[in-house]
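Shown next, in structure tokens, is the structure this report addresses.
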Amino acid sequence: MSGKFVVKKITDLNTVEVNAEIPESDYSTLTPEGKFVQLQYIESEKEPEPFKVEPGIYTIMQNMSGLYLEKTSFTKDNILEDFVNTKEIEDKADCFFRNVHKYKELGFDVAKRNMLLWGPAGTGKSTALAKVCNKYVAQGGTTVVVFPTEKFEAYQVKDFIKSFSYVNVERLILIMEDVGGSEMEEVRRASDSGLLSLLDNNEKTLKIPTLIIATTNFPEALMANLTNRPGRFDDKIKAGYPSSDARVKLAEFFIKRELDAAERTVVSAKSADSLSPAHIKEALIRSVIHEKSFEVALKEVIKEIEQYNKAFSDKTGGFGFAQ
């Protein structure tokens, strides 16, 4: 909502007696003539101007005029299909959009579904949701909006989306990466009321069939009123670490050859269970720029993961990397 300031009272301070009461105001200023001017802010009842939205992929940005959409795109990487639940995300998205007409039968004004994709960093959550979004944009009639949760408050985005005027758009996919509302180290903060309102669609922010996909690296830290309440995050899908067989396939994909016996042993061992796709790719890059074998680089990365996990488990505050 927008608004305006109006003059509430003008007081000549030269005529004011000691202990005289001055009414409260939203803002005040003093003129060179000694006049005390008080202003009051009044919200406008007028809805914000409609923001035209067409099919495509956009990121929410901000300038002096407010929020706007900037055209963007997702990377295309299909290697994650073997071990990230991309198919589960696609199947559930397909079921939702295929059955949006049934929501009216269930008594809902608009079809809405919220999905939480969770798992450790580097396990392909962003790539998995990008594949789903690219698929629907290619079909036409779809707008994908990326909400950078670290830049904007949910209430801002909620009001912005409410102003959307859709042109040739049949469905909306809203992406929220690293969604908040957490309890960590025994410090609790309430979930953002604006986020809850957006997820619940209490203010009829969403006007067309909408799929909200959020990601988090720390599902155990999210507040229960976000994750354990139907209507906020309905589907919760885990993107876990790849299996030993998947790690071998990934390594061979990145290195563009079959692994030798020693490399295969390292990458498929129990000690490598916490290797993410990002870690395996880092081992390849390290082997090239540090001029060492892929096997040695893999062992280094695995050792660093062990040290990293130990640093947090014993709460020393240090990573304990070998000097």
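Treating r as the C-beta distance of Asp273 and Tyr41 and R0 as 45 Å, the FRET efficiency rounds to 0.20.
Each Lys and Arg adds +1 at its Cβ and each Asp and Glu adds -1 at its Cβ; summed about the Cα centre, the range 91-133 shows a dipole of about 40 debye. If the segment from Asn202 to Lys52 were pulled out straight at 0.36 nm per residue, it would be longer than the present Cα-Cα gap by 51.8 nm.
Note on Ser28 and Lys303: the extension gain reaches 92.8 nm, defined as 0.36 nm multiplied by sequence separation minus the Cα-Cα distance. Highest-first packing order for the peptide set 161-172, 277-288 is 277-288, 161-172, based on the mean count of other beta carbon atoms within 10 Å.
What is the Cα centroid distance between the range 243-307 and the range 89-137, reported in whole angstrom? Cα centres, the range 243-307 to the range 89-137: 32 Å. Each of the peptides 93-101, 196-204 was scored by the mean count of other Cβ atoms within 10 Å over its residues; in descending order, highest first, they stand as 196-204, 93-101.
Modelled spin labels at Gln139 and Thr15, positioned 7 Å past Cα toward Cβ, are 7.2 nm from each other.
Can you figure out the FRET efficiency of Lys292 with Lys256, using R₀ = 25 Å and their beta-carbon distance, to the nearest 0.05?
Plugging the Cβ-Cβ distance into 1/(1 + (r/R0)^6) gives 0.90.
No value in this document is a laboratory result; all are computed from the given coordinates. Small disclaimer: the values here were computed from a predicted structure and weren't measured. Cβ coordinates were reconstructed from backbone atoms using ideal geometry, including for glycine residues, and neighbour counts include every protein chain displayed.
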